[in-house]
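Chemist: Have a look at the structure that comes next, please.
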Amino acid sequence: MDSELCLKCKGKGYCGKPCPILAKFNFLGKIKTQFSGSSPPEIFVGRYGYPHVNAGILAPQETGDTEDFSLPENWHQKGLSIDEIMSLRSKLIYGRFKTTIKNKEGKLTNVLKEISMADKPVSTEIILKKTPSNELNIDKGMAVIGNPAPLKSARLEENPSIPKKIDYLVNDKEVKSTIAIKELYESKIKVSNIIKVLSAGLLGIKRKMVPTRWSITAVDDTLSKQMLQKIKFYQEINEVLLFHSDYLGNHYEFLLLPDKFAFEVIEAKMSGSVWNQTEKLYLSIDNEGFSGRKSYAENVTGAYYVNRLALCEYLEKIKRQASCLVMRECRPEYYAPMGVGILREASRNAFSKQPEKFLSIQEALDSSQKRMKLPVSMFKDSSWLIKNYGKQTKLTNFI
């Protein structure tokens, strides 16, 4: 069985077993085709059929504070379980419409853009062409989206709360998107909100809508690359550091070594976890040296960039550089996709703690083994970073 079968199947029963994801998603049954609800706020821009895509607004059939329906920052902070998150996600109705990624004006597109800029829930009147179907949009990078239906019309019932910095940069069409992303981040705008604004096609000079999955990676990648421009000039750390975190069956060990910047992620997808319903163990590995990557991290995909962002935030904070090996166990407890947003927050949580300090790599690996279920030697033997550690000739060798 292919380890990607769950992603290909999307609940259609290819494996011949009851779907562990569908079983936890409480479809709402019959839904009114006209209702008022508070979008968390959340939008979604698909990628299939690009540049002609489905885009839309997500909102429940209730008003009030619905922020927890959408934000991984909140899920992690409150320690929500997968069942609790799935329960919230199952209440969202995805009103979608066909559009092109070109930034054309239109009633539905304009409402989508206004919602994308908001930092608080927005009461919205939704009129659907027909009742939603019991389908799921299952994707590696995002939390589950269900209850899709063609959108007839949408109207905001209140003025959205839009941060001044977002409003300013949306109206400034002379600022490149990479600079706008940096300015929003430095203004303490949540990464999840920056992603929505980029996805809606509201940043940059040549503006167009960006599929949500792509915009997630674009924001994480852009921010970490900008930080690395400074980090690579910092002094190296002087001891081996180890950080760890665990959330929803995703266990992380971050091993930092005294050396110039290099980065590697090794993910072990254990049997029974969301992307591996086989009896086998699957490893996904991507890495980069001091000169960086020139291609997309196709094996680890979006998780690679959220891990790197969390690392760069830490290195920028301590004004040091280091080589980093990320070891992730994707355990059976992680039975439904929650999106890479929770992995960003789990990684940030690891670096918010005091590190363990060691004199050698092996001592650090021995310590990590106490928390890991798989042999740490498997990660060590598969690691490009560890194999090449200390082999890079440095300028200081000639002084």
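The values are calculated or read from the model by the stated rules, or taken from the named source; none is laboratory data. A quick note: this is a predicted structure, and the numbers were derived from the prediction, not measured. Cβ placement follows ideal geometry from the backbone for every residue including glycine, while neighbour counts extend to all protein chains displayed.
Chemist: Just to verify a result, which residue in the stretch 93-126, among those that are touching a helix residue (DSSP H, G or I) at 6+ places or on another chain (Cβ under 6 Å) and aliphatic (A, V, I, L, M), is farthest from Phe44 (Cα to Cα)?
Modeler: Val122
Chemist: Regarding the stretch 100-117, can at least one residue be identified that is more than 27 Å from Lys165 (Cβ to Cβ) and in a strand (DSSP E or B)?
Modeler: yes
Chemist: I'm trying to understand the selection: among the residues of the stretch 319-333, which are surrounded by 24 or more Cβ atoms within 10 Å (Cβ to Cβ) and part of a loop (DSSP other than H, G, I, E, B)?
Modeler: Passing the criteria: only Ala322.
Chemist: Kindly provide the set of residues from the stretch 299-324 that are among the basic types (Lys, Arg) and either farther than 18 Å from Lys140 by Cβ or not assigned by TED's automatic domain parsing to the domain that holds Pro337 (or both), ordered by number.
Modeler: The answer is Lys317, Lys319, Arg320.
Chemist: Related question: Restricting attention to the stretch 135-157, which residues are surrounded by 13 or more Cβ atoms within 10 Å (Cβ to Cβ), of a type outside the set (A, V, I, L, M, F, W, C), on the phi < 0 side of the Ramachandran plot and out of contact with any Gly (no Cβ under 6 Å at 6 or more places or on another chain)?
Modeler: Hits for the stretch 135-157 are Glu135, Asn137, Asp139, Lys140, Gly146, Pro148, Pro150, Lys152, Ser153.
Chemist: Filter the stretch 69-99 down to residues that are surrounded by fewer than 16 Cβ atoms within 10 Å (Cβ to Cβ) and part of a helix (DSSP H, G or I), then give me how many there are.
Modeler: Summing the residues that are surrounded by fewer than 16 Cβ atoms within 10 Å (Cβ to Cβ) and part of a helix (DSSP H, G or I) in the stretch 69-99 gives 5.
Chemist: Where residues in the stretch 248-269 are of a type in the set (A, V, I, L, M) and over 20 Å from the mean Cα position of the chain (by Cα), which of them is farthest from Gly390 (Cα to Cα)? Spell out how you get there, then give the answer.
Modeler: Initial filter on the stretch 248-269 (of a type in the set (A, V, I, L, M)): 248, 255-257, 262, 265-266, 268.
Retained after the next criterion (residues that are over 20 Å from the mean Cα position of the chain (by Cα)): 255-257, 262.
On the way: Leu255: 15, Leu256: 13, Leu257: 10, Ala262: 12 Å.
Out of the qualifying residues, it is Leu255.
Chemist: Sticking with this structure for a sec: Could you look through the stretch 276-314, keep only residues that are in a loop (DSSP other than H, G, I, E, B) and under 16 Å from the mean Cα position of the chain (by Cα), and pick out the one that is surrounded by the fewest Cβ atoms within 10 Å (Cβ to Cβ)?
Modeler: Among those that are in a loop (DSSP other than H, G, I, E, B) and under 16 Å from the mean Cα position of the chain (by Cα), it is Glu298.
Chemist: Scanning the stretch 41-68 for residues that are of a type in the set (Ser, Thr, Tyr) and within 20 Å of Asn137 (Cβ to Cβ), which turns out surrounded by the fewest Cβ atoms within 10 Å (Cβ to Cβ)?
Modeler: Tyr48
Chemist: Here's something else I'd like to know. Hey, can you tell me all the residues within the stretch 133-144 that are in contact with a Ser or Thr (Cβ under 7 Å, 6 or more places away or on another chain) and charged (D, E, K, R)?
Modeler: Lys140
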